[in-house]
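Below is one structure, written out as structure tokens; comments come after it.
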Amino acid sequence: MRFPKPAFDDLVANYKTDPESVHDCPRIYTKNPININTCAIRITEALVLANHLIESRVKIAGLTTKGGTGKGFLLGNYGYRANLCPHGIGRGATDVGYFLTEHWGKPNHTWLAPGSPPKRSTASRECSASPRSPATAARATWTCGTRQTLSDTATGTRKKSSSGSSRDSRRAAP
């Protein structure tokens, strides 16, 4: 079963930048102060919330009070091969990147240098993850779904997707 691409606006609405915003998972980390980097956890939470796989971070925490592999919950139901928290949330940015590549295909953009991504990726509606070692500061982006109408500024054309929403008819330059 393929992991669905959420609407970009839903992904942004569900992504939290505060490291302490993650669901309660005492088997993996502690809060106040948080004792690990929670970036992969936060993007994974945003992905499952934006895809309406669960309603809230509180409900994520309520999936189990025991330890375990998380393979029976959330990303585990989509064949996530790496480490999950007991609630089925991805724990590492590299692993999340590999998971997205497996389900969504090759990323649209990648870059290895630390610092800012290429302008082309920051101007688009994309999801970002680290499919390589964090030491290289590698990043990649995948285009998310959209429910908005995106007009092709060059031709003014729009195409309807199979879900009934309009999508941009432009193709990325090689």
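Can you confirm whether the range 29-49 contains a residue that is of a type in the set (Val, Ile, Thr) and either in contact with a Leu (Cβ under 7 Å, 6 or more places away or on another chain) or on the phi > 0 side of the Ramachandran plot (or both)? Don't jump to the end; show me each part of the working.
Of the residues in the range 29-49, the ones of a type in the set (Val, Ile, Thr) are 30, 34, 36, 38, 41, 43-44, 48.
Filter again for either in contact with a Leu (Cβ under 7 Å, 6 or more places away or on another chain) or on the phi > 0 side of the Ramachandran plot (or both), leaving 44, 48.
Taking every residue of the range 29-49 in turn, at least one turns out to be of a type in the set (Val, Ile, Thr) and either in contact with a Leu (Cβ under 7 Å, 6 or more places away or on another chain) or on the phi > 0 side of the Ramachandran plot (or both).
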Subject >> Residues located in the range 89-108, provided they are in contact (Cβ under 8 Å) with a residue 40 or more places away in the chain and of a type outside the set (Val, Ile, Thr) >> reply: 90, 91, 92, 93, 95, 97, 99, 100, 103, 104, 108
Original post:
If the Cβ limit is 9 Å and pairs must be 6+ apart or interchain, which residue in the range 11-24 that is farther than 9 Å from residue 45 by Cα and small (Gly, Ala, Ser) pairs with which residue that is outside any loop (DSSP other than H, G, I, E, B) and open to solvent by less than 80 Å² (accessible area, probe 1.4 Å)?
Top reply: 13/46; 13/49; 13/50; 21/42; 21/45; 21/57
Original post:
Hey, residue 144 hits all of (1) touching a strand residue (DSSP E or B) at 6+ places or on another chain (Cβ under 9 Å); (2) at pLDDT 60 or above; (3) open to solvent by 40 Å² or more (accessible area, probe 1.4 Å) but one; which does it fall short on?
Top reply: (3)
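The values are calculated or read from the model by the stated rules, or taken from the named source; none is laboratory data. Fair warning: this is a prediction, and the values are worked out from it, not measured in the lab. Here the Cβ is made from the backbone with ideal geometry for all residues, glycine too, and neighbour counts use every protein chain on show. Remember, those area values only see protein heavy atoms, side chains included, never the ligands or the DNA or RNA. Shrake-Rupley method; radii C 1.70, N 1.55, O 1.52, S 1.80 Å.
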